[in-house]
Each structure stands twice: as C-alpha cells, then as structure tokens.
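Take a look at the structure below.
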Amino acid sequence: MPSFDVVCEADMVEVKNAVEQSNKEITTRFDFKGSSANVEQKERELTLLADSDFQLSQVKDVLINKMSKRKVDVRFLDEGKVEKIGGDKVKQVIKVRNGIETEDAKKITKLIKESKMKVQASIQGESVRVTGAKRDDLQTAMAMLRKDVQELPLAFNNFRD
C-alpha cells in the first residue's frame, strides 16, 4: 500500500555551515570590531552572544541571512528570551526544531481526516505516516498539507509505492 512520512527535520550540516559563515562575517565586520559577538553551536542549540541588545539583533540578522542562503528554513528556529550575563553582555539561546510536536501531529492527522480524502494518517513518534490506495491521493494530500500547514517547515520522505 503506498505511503509517505511527513517530517520536520533541519539539515544540521547546513546549519553548522551557516553558523561558521556567520562567525566568519562577524569577525570581519567593522561594527563588531573589539566585541565578543559570536554564535556557538551545541548539537541542536545555538547560542548568540553579544555586547548589547542591538549587537545581538545584528548577530541574529547575520545568522538568519546565512541560513536562508544555505536553504535552511528559518521556521526551524525556536528563539528563547534574551538574557543578561554580567556587565552589558547578553545572550540568546535558539533551539533548532527536530520532529513534529504531538499537538502539531494531531492537527495534521485531523486536517487529513476532515478533508474526506481516501487516505489515512497515523502518528509514528516524531513523524506522521500517511497511507492510501492510490498514488494520486497521496500527492493530493501532500499538496493540501503544503497549503494548509504554513507554520511548520514540513518535508515528505520515505515515499513508497
């Protein structure tokens, strides 16, 4: 029976490249001369460090710009709040989303069931598996999900006939 998986996974190699390019640009930019502004990455967590709130927003702009150039969707980023760390220095932790949250998965399955298409959706851990009798029905379901679920950067993989 034909099926595919709906997933929400960032390409971590491209995220790492974007972080490295951001740090390279920050070290060469004139407005960051003599500051401790940079971006650090630990697994799926990015930490932005800067000397002021304004510099932090500039660092974030550089990072987002580099990510979009490397085709990493910025909807993967969950921004934390800005924290003061001694003196004037500030930091912000940004988490890179991986997998579909339970409530989002329930929303996707509900959307598919309400569409009255001849496909079934089931939650499988951090992804949603959609199965149907015909390949055309699955492709219609993909198009509907792309159109209706804008807040998540969904990808479709594991397509089987």
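The values are calculated or read from the model by the stated rules, or taken from the named source; none is laboratory data. Quick caveat: nothing in here was measured; it's all calculated off a predicted structure. As a convention, Cβ positions derive from the backbone with ideal geometry for all residues, glycine included, and neighbour counts pool all protein chains shown. Areas reflect the complete protein model, heavy atoms only, side chains present, ligands, DNA and RNA absent. Shrake-Rupley method; radii C 1.70, N 1.55, O 1.52, S 1.80 Å.
If you scan the range 138-155, which residues turn out to be free of Cβ contacts under 8 Å to residues at least 24 places away in the same chain and over 22 Å from the mean Cα position of the chain (by Cα)?
GLN139, THR140
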### Task
Quick one: count up the residues across the range 49-100 that are of a type in the set (A, V, I, L, M, F, W, C) and in a strand (DSSP E or B).
8
### Query
Which of the residues that make up the range 85-104 are in contact (Cβ under 8 Å) with a residue 60 or more places away in the chain and closer than 16 Å to GLU40 by Cα?
VAL96
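The rows are residues; the columns are (1) open to solvent by less than 70 Å² (accessible area, probe 1.4 Å); (2) under 19 Å from ASP73 (Cβ atoms); (3) of a type in the set (D, E, K, R); (4) assigned to a helix (DSSP H, G or I).
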{"site": "LYS116", "(1), (2), (3), (4)": "no, no, yes, no"}
{"site": "SER122", "(1), (2), (3), (4)": "yes, no, no, no"}
{"site": "THR131", "(1), (2), (3), (4)": "yes, no, no, no"}
{"site": "GLN150", "(1), (2), (3), (4)": "no, yes, no, no"}
### Query
Only one residue in ILE108, ILE112 is within 20 Å of GLU9 (Cα to Cα), of a type in the set (Val, Ile, Thr) and buried (at least 18 other Cβ atoms within 10 Å of the Cβ), so which one is that?
ILE108
### Task
Assess whether VAL82 counts as being in contact with a strand residue (DSSP E or B) (Cβ under 6 Å, 6 or more places away or on another chain), assigned by the TED database to the domain that holds SER35, closer than 22 Å to GLU40 by Cα and surrounded by 12 or more Cβ atoms within 10 Å (Cβ to Cβ).
yes
### Task
Looking at (1) of a type in the set (A, V, I, L, M); (2) closer than 20 Å to GLU14 by Cβ; (3) open to solvent by less than 30 Å² (accessible area, probe 1.4 Å), find the lone condition where LEU154 falls short.
(3)
### Message
Among the residues in the range 20-32, are any surrounded by 12 or more Cβ atoms within 10 Å (Cβ to Cβ), outside any strand (DSSP E or B), touching an Asp or Glu at 6+ places or on another chain (Cβ under 8 Å) and not assigned by the TED database to the domain that holds GLU151?
### Response
no
#### Entry: Of the criteria (1) assigned to a helix (DSSP H, G or I); (2) closer than 30 Å to SER122 by Cα, which one ASP5 fails
(1)
### Task
Kindly indicate whether any position in the range 84-104 is touching a helix residue (DSSP H, G or I) at 6+ places or on another chain (Cβ under 9 Å) and more than 28 Å from GLN21 (Cβ to Cβ).
yes
### Query
Restricting attention to the range 2-12, does a residue exist that is open to solvent by 40 Å² or more (accessible area, probe 1.4 Å) and either more than 28 Å from MET144 (Cα to Cα) or polar (S, T, N, Q) (or both)?
no
